[in-house]
Amino acid sequence: MTDLPACPGFAVIEASIGRVAERLRGAPVRDIVLLRLIKHLSTQFGAHLNRMVRPAGLNEVSFRTMMMLFANAETGMHASQLSEAAGETRANMTRICDELARKGLLRRRAGTSDRRRVVLEITRKGSNLIERLLPKMWSELDLGMRALSAKEKLDLERLLKKLAAAIDAKGQPA
């Protein structure tokens, strides 16, 4: 086994996994540690993102929603597409979109091919907000990601995509 850097924020979780493995022999410790690290990092990045977007009146989910609308500014998106892309329930996505609409960051319009289907679009105010936030966020992201070399980033991306593809192919893990 290679020497791995200490990760104080993860130590309690890793120690707990070790204790479970002692009680239940045969536990796939390395796999559990990797999955818990992914979850830990996701939680940490999410909390950091929340702190960054809170002054703009957003949270992580509303920001991700705005990013999807910003990326699809030419066509807009249906609520079901947004819900799937953001990993949120349709009911929660409706609540998020209502809030963003009240703030003037998105608008609803009837679809062109089916007027019963509502298309959600980012407003100019919403685009301006994203354009102001992103450079600051990229700077913060760079500070955190400096721990990895360019090659390590490519390797990590390849491995995470490989894992994501395997999980997608088999369905969600228990």
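Derivation of every value follows stated rules applied to the coordinates shown; laboratory data play no part. The structure presented is a predicted model; accordingly, all values stated were derived computationally and were not measured. Positions of Cβ are backbone-derived with ideal geometry, glycine not excepted, and every protein chain shown enters the neighbour counts.
Things worth noting here:
- Extension gain, residue 48 back to residue 146 (0.36 nm per residue minus Cα-Cα distance, nm): 33.7 nm
- Listed values (i) 65; (ii) 53; (iii) 60, entry calculated as percent of Cα pairs over 20 Å apart: (i)
- The chain: most fluctuating residue of 159, 37, 49 per GNM, C-alpha cutoff 10 Å: 159
- Karplus-derived HN-Hα couplings along the stretch 127-139 (A = 6.51, B = -1.76, C = 1.60, θ = phi - 60°), whole Hz, x at Gly and Pro: 4, 4, 4, 4, 5, 7, 6, 4, x, 5, 5, 4, 4
- Here the Karplus relation 6.51 cos²θ - 1.76 cosθ + 1.60, evaluated at θ = phi - 60°, turns the backbone of the stretch 98-108 into coupling constants of 4, 5, 5, 5, 4, 7, x, 8, 9, 10, 10 Hz, with x for every Gly and Pro.
- One chain, two ends: residue 19 and residue 75. Fully extended at 0.36 nm per residue, the span grows by 15.0 nm beyond their Cα-Cα distance.
- Options 92, 138, 29, ranked by Cα towards positive dipole end of the chain, top entry (Cβ charges): 92
- Legend: distances between Cα atoms for 39/170; 125/162; 39/125; 39/151; 39/136; 136/161; pairs beyond 29 Å are 125/162; 39/125.
- Dipole magnitude for the stretch 7-56: computed about the Cα centre from +1 point charges on Lys and Arg Cβ and -1 point charges on Asp and Glu Cβ, it is near 100 debye.
- Computed extension length for residue 128-residue 155: 6.3 nm, one decimal, from 0.36 nm per residue of separation with the Cα-Cα distance subtracted.
- Lys, Arg +1 and Asp, Glu -1 on Cβ, resulting dipole of the chain about Cα centre, debye, nearest 20: 540 debye
- Annotation: amide H-H contacts under 5 Å for residue 78 (H modelled 1.01 Å from N, sequence separation of 5 or more, or interchain): 120.
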